[in-house]
Amino acid sequence: MTLVVLYGDSMLARFTKARIDRLEEQSGPDAMVVNCAAGGWTSEDGVRRAEAVAGLDPDVVVLSFGTNDCAPERLVELDAFAANVQRIVARFPRAKVVGFLPPSVLERAGVGPRGRTNSVLARYRTVLRDIVGHDHSVETDRVLAPLVASGTPVHVDDLHLTDEAYDPVITAVARAICRP
């Protein structure tokens, strides 16, 4: 069995049973996915809970942090974010760590939900990618680009992904899980 843990914010917390079932199916016959993500979490929440989640001894950990860390009312400074992500990754020395890079938000008049901006979010995305490695990152914006180009909405609330947007994202996460 390959134990996969989803760990982070609402981008992964919104992996419903049906989405988890699809991810397991696409990740191989022996994959079991456990969702340990929660809406609203920042990397600080991730650090506090990492030891307990590491007790599951996962083979793969999919991390999603950054979207809440960059929100002005909950801001985790970039250096602290990097240190937090490094501490989280260090708790999983045996596991393959995959970064679910935060997708861009929909900005209206130059700002997204709760004051987030894509220019700031991009810095958090870069830190997560640098820590887990480019080859172990799911480039969500790249995955969603064909939907965006076709005019298909990818956000339900300017922040979270639509059901249709999750379909290619799940496939990309499964590929990252299976990639050596």
- Query: Given the rule -39500 (n - 2.57) for each run of at least 4 DSSP H residues, summed and divided by the residues of the chain, what is its mean residue ellipticity at 222 nm, to the nearest 500 deg cm²/dmol?
  - Reply: -14000 deg cm²/dmol
- Message: Need the full-extension length gain, ASP130 to MET1, defined as separation in residues times 0.36 nm minus the C-alpha distance. One decimal, nm.
- Response: 43.6 nm
- 13 Å beta-carbon shell around LEU78, net charge (K/R +1, D/E -1): -2
- With all protein chains present, calculate the accessible area of SER150 using a 1.4 Å probe and round the result to the nearest 10 Å². 80
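Loop-only check: which trypsin sites (Lys or Arg not before Pro) in segment 55-154 are DSSP coil with at most 14 other Cβ within 10 angstrom?
Working: sites: ARG74, ARG87, ARG91, ARG94, LYS96, ARG108, ARG114, ARG116, ARG123, ARG125, ARG129, ARG142; in loops: ARG91, ARG94, ARG116.
Within segment 55-154, the qualifying trypsin sites (Lys or Arg not before Pro) (loop, at most 14 other Cβ atoms within 10 Å) are ARG94.
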- Task: Using label points projected 7 Å from each Cα along Cα→Cβ, tell me how many nm separate ARG94 and THR171, to one decimal.
- Result: 3.4
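FRET efficiency for ARG123 and ASP157, Cβ-Cβ distance as r, R0 = 22 Å, nearest 0.05? Can you show the working numbers first?
Numbers: r = 23 Å, r/R0 = 1.03.
Computed FRET efficiency for ARG123 and ASP157: 0.45.
Starting from the Cα-Cα distance between ARG87 and ARG108, subtract it from 0.36 nm times their residue separation and give me the gain in nm to one decimal.
Going from the current span to full extension adds 4.1 nm.
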- Item | Rounded if a/c under 1.5, otherwise prolate or oblate - segment 91-180, Cα gyration tensor axes | oblate
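The values are calculated or read from the model by the stated rules, or taken from the named source; none is laboratory data. Note that the structure is a prediction, hence the values are computed from the model and not measured. All Cβ positions, glycine included, derive from the backbone under ideal geometry; neighbour counts span all protein chains shown. For accessibility, only protein heavy atoms count, side chains too; no ligands or nucleic acids. Shrake-Rupley method; radii C 1.70, N 1.55, O 1.52, S 1.80 Å.
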